[in-house]
2 protein chains.
Amino acid sequence: MPVYKAPVEDVMFLLNDVFPIERYNNLPGFADATPDTVEAILGEGAKLCEEVFAPLNLSGDQEGCTRHPDGSVTTPKGFRQAYEAYAAGGWMGLAAPEEYGGQGLPSALNTIMQEFVSSANLALGMYPGLTQGAIAALLVHGSDEIKKTYLPKMVEGVWTGTMNLTEPHCGTDLGLLKTKAVPNPDGSYAITGTKIFISAGEHDMAENIVHLVLARIEGAPAGTKGISLFVVPKVLVNRDGSLGERNGVSCGSLEHKMGIHGNATCVMNYDGAKGWLIGEANRGLNAMFVMMNEARLAVGVQGLAQSEVAYQNAVAYAKDRLQGRSLTGPKFPDKPADPIIVHPDVRRTLLSIKAFNEAARALVVWTALKSDVAHRSSDEAERQQADDHMGLMTPVVKGVLTDLGFDMAVRAQQMFGGHGYIEEWGMSQFVRDARITMIYEGANGIQAMDLVGRKLGKDGGRAIMGFFNEVGAFCQENAGDESLKGFVEPLQQGLGHLQQATMWFMQNAMAKPDNAGAGATDYMHLFGLVAMGYMWAKMAKAAQARKADGNGVAERMDAKILTGRFYMERMMPETGLRLARISTGADATMAMPAEMF
Amino acid sequence: MPVYKAPVEDVMFLLNDVFPIERYNNLPGFADATPDTVEAILGEGAKLCEEVFAPLNLSGDQEGCTRHPDGSVTTPKGFRQAYEAYAAGGWMGLAAPEEYGGQGLPSALNTIMQEFVSSANLALGMYPGLTQGAIAALLVHGSDEIKKTYLPKMVEGVWTGTMNLTEPHCGTDLGLLKTKAVPNPDGSYAITGTKIFISAGEHDMAENIVHLVLARIEGAPAGTKGISLFVVPKVLVNRDGSLGERNGVSCGSLEHKMGIHGNATCVMNYDGAKGWLIGEANRGLNAMFVMMNEARLAVGVQGLAQSEVAYQNAVAYAKDRLQGRSLTGPKFPDKPADPIIVHPDVRRTLLSIKAFNEAARALVVWTALKSDVAHRSSDEAERQQADDHMGLMTPVVKGVLTDLGFDMAVRAQQMFGGHGYIEEWGMSQFVRDARITMIYEGANGIQAMDLVGRKLGKDGGRAIMGFFNEVGAFCQENAGDESLKGFVEPLQQGLGHLQQATMWFMQNAMAKPDNAGAGATDYMHLFGLVAMGYMWAKMAKAAQARKADGNGVAERMDAKILTGRFYMERMMPETGLRLARISTGADATMAMPAEMF
C-alpha cells in the first residue's frame, strides 16, 4: 500500500525561516499561532491524514461511490468515519470565525492542512474542501439570517456544502446557463434545472447538504449579467434550526470518471427546489468570484499534493528496487543489483519532482499568508498589496501547480516501471486523481487567459509591477552574496524573460488580442517558473542562514540548497523557451482554416 | 462514442511525395507494392480498423478481461470476432514470407497498419502485434523444424504468440532472472518459473498460444550471459501438426491496470512446461534483441496512434462545442456562442498535437522503410546504412513518440474540460492506454540510455555521423530556397544544438559516465526534436512541390506547410533548452545523499 508522511518539517522551515509567521502577529488570529502552536496543530493534522485518511485512499478508489435507486449515495467504506474524525477534530472551522464555532486561526494553516489532506486522500478531502468553499461564500455574501441558519452546522461539519455551476451545455461560459429561479410568495425562489459535475452533490456523511446554486431569475437579462446565487439545502431547515422536509433536489446519476472515484460526482436535478438568494440579484457571478481565489488556490494545492505523495512513494521504491548497476561501478556489491536510486536518470527524475514540490509549497504558503493579510489586515495599503498578489498569483498557482503536479505524478509513476501501471501499487491512482485538478475550478487554459487577459492589465499593471519590483529588489540586494550566485543570476535572467514577455504583450496584444491568447499558456508557465525560482532563491538564502546554527540542521539545509541548485540549472532555463514561443505571436496559430484541422 | 478515421491520405503523401515508395521497387516484395496497390491495401485496412476494431474500444475498456477458476480467460465481447476478421483478412502475414503463408509485402505497410490498429483499439491490436513479434523471432532464430511447426499457424492467425521476459524481481535487469530450464531426455527442456506482465498470455481468441520464454538452463552462468530463449506452446503440438496435450503453463492471475483493459496481462506460471530451445544456448538475450528494434518501433507507433485518435476526437469536439466568443468578435453571431476552435489557446493545443502526429508518422514511415532495406536489400552498404539508422532511431522513436504521444493525448483530453474526465467520452481511455507505451518494451529511461550509452558510440559513431551528414546536406542544398527559409534555418539551429550536445558527451562522459546518464533523457528528446524537424522540412519541400499540381491539392498542402511552420516556431526552439540541461552535467544530480531524497 502507498505510504504518506506529511511534510511538517518542510512547512515549518517555510514558516520559521522563509516567511516568518511571527511577523504577522498583529493580524487577528495570528497571535495564537506561535510557531510552537502551529507545529503542534500541523502535527495533529498530519496524524489524522497519515493514519486515517491515507489508508482509505486505495480502497476508496477501488470501491467508488454507489447511487441507490432512491437517489441516495453511499461513499466508500470508512469515508464516513474518517470525515467524522476530521469534523470532530475541529478542522472544518480551523480558520472560520469564532462566532460560528470556528477557531479563527490563520487561513494559511488551513491551506497547509489542505495539502496534507489532499495527498492522503484527495477524493475524501474534497467533501470538507467544498464545504469550506461554501462557508467562505456564505460568510461574505449571506444575510445574517442565512449565516445563522447554515454556518454553525457547516463549521461543525454536520452539514456539508457544494457549488453548482456547470450545466450540460456550459462550463466555462456560464453566461449560457439555463437553470431557472422563480420567486415564491414567501421570499424564497423555486429553482428548476440540471447541474452536472457536482462534486459531493450527494453522500452519506452528513445530515444535510447545502448547495450553492447559480440560476437565472425569471426575466433576468441574458448572459452573465442575469445570473444569481442561491442557497438550496437538501433538507429544508425549520425556524428553530431543526431539519424539516426534503427539498426538491436530488442526485440523478453518478459520473464514471478517470479518478477521484471516492468522491460522488453527481448530476443534480432541481425540480422547483426552494432556494434563497445570496447577495444581490443578477450579481451571482461576482459572489462566486469572491470565493474563487481561495478555491483555485486550493486546487493548485491539490496538484502539489498529488505530486508530493507520488514522489514519496517513488523515492521509497527507488531505494528498495534492485535493478542494474551504477555506471561508476557497483555501489552494493553484496546485493544482486544496486537500488535504482544510484542511476542518474532516476535521480534526475526524483530531483525534478522534489524541486517542484518544495518551490510549489513555498509559493502556496507565501500566497496563503497574503490571503490572510488581504482579509485581516487593518492597513489598507497592505491589504491592497496582498490583494494584488492574490489576484495575480491565483491563476499561476492553479494552472502551473496542477499542470506540473500531474506531470510530476506521471514521472513518479514511471520510476515503478510496469508496477506503476498496476493499480495495486497506487501510482496510477495518483496520476488519475491529479488529472482532474487541471480541469475543474476553471480549466488551465482559462487560468492562463485570466492571467493575461484580466490580471496583467488590472489597475494599470500595478500587481505585476509590484511582483517585478519585489523580485528585482531581491536580486539587487543579494547580487553581492557569493553563496547565492547560482541562484540570483538565473533568477535575474528568468525575470528578464518574464519582463520581455510582458512588454511583448503590451506592444502586440492590444491591437491584436489573439497574440495574447496564443501566448497565454506559455506566459502562465513562464510566470510560474520565475515565481518558483524566486521561492528557491529565498529558500536558499534562508537555508544558508540556518546552516550556521548547527544542531544537525546543516545536512537538511544542504539538501535544500542542492535541490534549489538543481532547479536553477535544469528547470529555470525553460523561461527562454517560453519567451521564444510567446514572441512568435498568433499568426501560425490562427492561419489554419478550421476545416483543415 | 469516440470517432476514428485512418489517416490514409496523409500516409500516401508520405509514400508518394516524401519517401517515394517507388524508389524501393528493387527490393523483394516492393515490386507488388505500387502506390495504387498500397492505397487499396491501406484502404481495406482502414475499413477494418474504423468499422470493426474502433467500435469495440470503449466497451472493451469497460468490460475488461475475465479469468475463470480453471485459468482460462475471456476477452471482451466482440474481440474474438474482430480478431478473426483481422486474421481472415490476411493482415497477420502481410509482410511475412510467402513460404509460411504470408504475403511478403513490405514490412513498412505492416507498420502503417499497426498505427491504424492501435488508434482504433490498442488493447485488441496487441494480440496480433505480439504474435507478429513472436513470428519475427522464430523466423530469425528458429530451426527449420520449429519454423515449420509454428509459423504457418501463427501467420494464419489461428495461433497467437507472446513474449515472456519479466519476472517479479526483474524487468529492466534481465540478468537477475530465475526461471529454470532443465534438459529432458527427448531434447526438450522442462521450464519452471513465474513470469509477470505477460500481455495476451491467455485468452479465448486462438486454438493455441506460442510463448517465447527467457529462462536459465541448469548450470548456466549467472547474469545476462546465461539466459536462453525457448518456445513453449500452451498446447503441445503432435508430429502431424495437430494439437495434443495441454502443456504445463497456465495463467495464475490477471493484473488490474490503469488501461489496456481489453488486453489480458497475465501472471504466467511455468510448472515443468515443455519448451524447445530457440537459437543458441545462453544467447537468448541476443535472440530477443534482434526482434527488439521492430518491437520498439511498434510501441513508438502505438504512442503516435493514441495521440492521433485523441486528436481527431478533440478536433471534432472543438468544432462542435459552443463556449465563449472569439477574442476578435463573434464568429457565429447567430449561435449562442462560438465553437471553441476559434480560441487561440485551443488552436495552439490542437496544432501542437497535429504537428507532432504528422512528423511522428513521417519518422515512422522513414524508419520502417529503412527496416525493409536492412532486411531485404542485396546491397551491403545500403543494408549497413539502413541498419545504422534503425539502431540509432529505434530508441528515439520508442522513447519520444510514446512520451509525446501520451502528453498529446493528455492535451487532447484537456480540450473537453470536465467531459474529458468522464469515461463515456473515451478521452480518458486514450490517455490511460497511451500511458503503458512509455513503460513496456523498455521504459523510456532505458531507451535514453540505449541511445546515449550504446548507439552513439557504436562503430566509431558511424550512425550518428550519417544522420548529421544527411540533415546537414539537406540544409545546405535547400539554403537558397526562399520558400523553405522558415524551415531550413531552425532545422540548422536545432542540428547545431544536437551536434553540440553530442560533442559535450564525447568530451565529458568518457571519464564520468554519470554525465551521460544525467543528460540521456534530454538528449533523446533533443534528438527527437531534430529528427521531427527534419521530417517537417522534408514534408514542407514536398508540399511546395505538390502545390503547383493543382487538382484541389493546394489547400491540403498549405495546411501541411502551416502545420510545419507551427512546429518550427513553437516546438523546435526546445532544442536549446535540452542542450542547456545536458551541458550542466551530473554534479547537481549526483550530489544528493540517497537518504536526503
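Just to verify a result, which residue in the stretch A:500-511, among those that are within 18 Å of A:G576 (Cα to Cα) and crowded, with 17+ Cβ neighbours inside 10 Å, is farthest from the other protein chains (Cβ to nearest Cβ)? Steps first, please.
From the stretch A:500-511, those within 18 Å of A:G576 (Cα to Cα) are A:500-505; that's our starting set.
Then keep just the ones that are crowded, with 17+ Cβ neighbours inside 10 Å; that gives A:501-502, A:504-505.
Working: A:A501: 14, A:T502: 18, A:W504: 14, A:F505: 13 Å.
Here the answer is A:T502.
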ask   = Looking at this structure, is B:D514 of a type in the set (D, E), over 24 Å from the mean Cα position of the chain (by Cα), within 11 Å of another protein chain (Cβ to nearest Cβ) and on the phi < 0 side of the Ramachandran plot?
value = yes
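Is at least one residue of the stretch B:449-469 part of a helix (DSSP H, G or I), of a type in the set (F, W, Y), on the phi < 0 side of the Ramachandran plot and not assigned by TED's automatic domain parsing to the domain that holds B:S119? Walk me through how you get there before you give the answer.
Filtering the stretch B:449-469 for residues part of a helix (DSSP H, G or I) gives B:449-455, B:458-469.
So of that shortlist, the ones also of a type in the set (F, W, Y) come out as B:467-468.
Among the residues that remain, those that are also on the phi < 0 side of the Ramachandran plot are: B:467-468.
After this cut, where a residue has to be not assigned by TED's automatic domain parsing to the domain that holds B:S119 as well, the list is B:467-468.
Yes, because at least one residue in the stretch B:449-469 is part of a helix (DSSP H, G or I), of a type in the set (F, W, Y), on the phi < 0 side of the Ramachandran plot and not assigned by TED's automatic domain parsing to the domain that holds B:S119.
Looking for whichever is in a loop (DSSP other than H, G, I, E, B) and free of Cβ contacts under 8 Å to residues at least 60 places away in the same chain here; the options are B:A337, B:A281. Which one fits? Working first, answer last.
Working: B:A281 fails: free of Cβ contacts under 8 Å to residues at least 60 places away in the same chain.
One residue alone meets the criteria, B:A337.
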ask   = Is one or more of the residues making up the stretch B:387-397 within 14 Å of chain A (Cβ to nearest Cβ) and either surrounded by 23 or more Cβ atoms within 10 Å (Cβ to Cβ) or over 16 Å from B:Y534 (Cβ atoms) (or both)?
value = yes
remark   = Looking across the stretch A:517-546 at residues that are more than 24 Å from A:L456 (Cα to Cα) and within 14 Å of chain B (Cβ to nearest Cβ), the single one that is surrounded by the most Cβ atoms within 10 Å (Cβ to Cβ) is A:A540
task = Only one of these is surrounded by fewer than 20 Cβ atoms within 10 Å (Cβ to Cβ), within 12 Å of chain A (Cβ to nearest Cβ) and small (G, A, S): B:A316, B:A337. Name it.
result = B:A316
ask   = Could you say whether any residue in the stretch B:146-162 is surrounded by fewer than 24 Cβ atoms within 10 Å (Cβ to Cβ), among the aliphatic types (A, V, I, L, M) and more than 14 Å from chain A (Cβ to nearest Cβ)?
value = yes
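Under the condition of being in contact (Cβ under 8 Å) with a residue 24 or more places away in the chain, part of a loop (DSSP other than H, G, I, E, B) and not hydroxyl-bearing (S, T, Y), which residue from the stretch A:171-192 is surrounded by the fewest Cβ atoms within 10 Å (Cβ to Cβ)?
Step one: filter the stretch A:171-192 for residues in contact (Cβ under 8 Å) with a residue 24 or more places away in the chain, giving A:171-172, A:174-175, A:177-184, A:187-192.
Right, trim to part of a loop (DSSP other than H, G, I, E, B) and you get A:171-172, A:177-179, A:184, A:187-188.
Narrowing further to those that are not hydroxyl-bearing (S, T, Y): A:171, A:177-178, A:184, A:187.
Values: A:G171: 24, A:L177: 24, A:K178: 13, A:N184: 13, A:G187: 8.
Restricting to residues being in contact (Cβ under 8 Å) with a residue 24 or more places away in the chain, part of a loop (DSSP other than H, G, I, E, B) and not hydroxyl-bearing (S, T, Y), the top hit is A:G187.
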ask   = Would the stretch A:280-295 turn up any residue that is modelled with pLDDT of 95 or more, surrounded by fewer than 21 Cβ atoms within 10 Å (Cβ to Cβ) and not charged (D, E, K, R)?
value = yes
message = Here's a check for you: in the stretch B:440-475, which residue that is farther than 23 Å from A:R347 by Cα and touching a Ser or Thr at 6+ places or on another chain (Cβ under 9 Å) is surrounded by the most Cβ atoms within 10 Å (Cβ to Cβ)?
response = B:I464
request  = Residue by residue through the stretch B:516-547, note down the ones that are within 18 Å of B:L484 (Cα to Cα) and either among the β-branched types (V, I, T) or in contact with a strand residue (DSSP E or B) (Cβ under 9 Å, 6 or more places away or on another chain) (or both).
outcome  = B:V530
message = Checking the structure you have, find out if any residue of the stretch B:231-241 is within 24 Å of B:D173 (Cα to Cα) and in contact (Cβ under 8 Å) with a residue 24 or more places away in the chain.
response = yes
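Which residues, taken from the stretch A:414-443, are more than 8 Å from chain B (Cβ to nearest Cβ) and either closer than 30 Å to B:C170 by Cβ or assigned to a helix (DSSP H, G or I) (or both)?
Restricting attention to the stretch A:414-443, the residues satisfying the condition of being more than 8 Å from chain B (Cβ to nearest Cβ) are A:415-416, A:419, A:425-427, A:429-430, A:433-434, A:437, A:441-442.
Hits for the stretch A:414-443 are A:M415, A:F416, A:H419, A:W425, A:G426, A:M427, A:Q429, A:F430, A:D433, A:A434, A:T437.
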query = Restricting to helices (runs of 4 or more DSSP H) lying wholly in the stretch A:36-141: which have 3 or more residues that are farther than 16 Å from A:G161 by Cα and among the β-branched types (V, I, T)?
reply = A:107-141
Extreme residue, farthest from the other protein chains (Cβ to nearest Cβ), among residues of the stretch B:551-597 that are within 18 Å of B:K512 (Cα to Cα) and touching an Asp or Glu at 6+ places or on another chain (Cβ under 7 Å) = B:I582
Matching residues, the stretch A:322-346, being under 25 Å from B:A509 (Cβ atoms) and among the basic types (K, R) = A:R325, A:K331
key: Scan of the stretch B:239-260 for residues that are within 14 Å of chain A (Cβ to nearest Cβ), touching a Lys or Arg at 6+ places or on another chain (Cβ under 7 Å) and outside any loop (DSSP other than H, G, I, E, B), ordered by number   = B:S253, B:L254
note = Restricted to the stretch B:1-18 and to residues being over 18 Å from the mean Cα position of the chain (by Cα) and not in a helix (DSSP H, G or I), the residue nearest to B:V365 (Cα to Cα) is B:K5
query = Which one of these does A:I198 not meet: (1) away from chain B (no Cβ under 14 Å); (2) assigned to a strand (DSSP E or B); (3) aliphatic (A, V, I, L, M)?
reply = (1)
request  = Residue by residue through the stretch A:582-597, note down the ones that are out of contact with any helix residue (DSSP H, G or I) (no Cβ under 8 Å at 6 or more places or on another chain) and surrounded by 15 or more Cβ atoms within 10 Å (Cβ to Cβ).
outcome  = A:D587
query = Name the residues in the stretch A:26-81 that are farther than 23 Å from B:H256 by Cβ, buried (at least 19 other Cβ atoms within 10 Å of the Cβ) and not β-branched (V, I, T), would you?
reply = A:L27, A:G29, A:F30, A:A33, A:L42, A:G45, A:A46, A:L48, A:C49
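The values are calculated or read from the model by the stated rules, or taken from the named source; none is laboratory data. Nothing here was measured: the structure is a model prediction, and the numbers come from that model. Because the Cβ atoms are built from the backbone with ideal geometry, glycine has one as well, and the counts that use them run over all protein chains shown.
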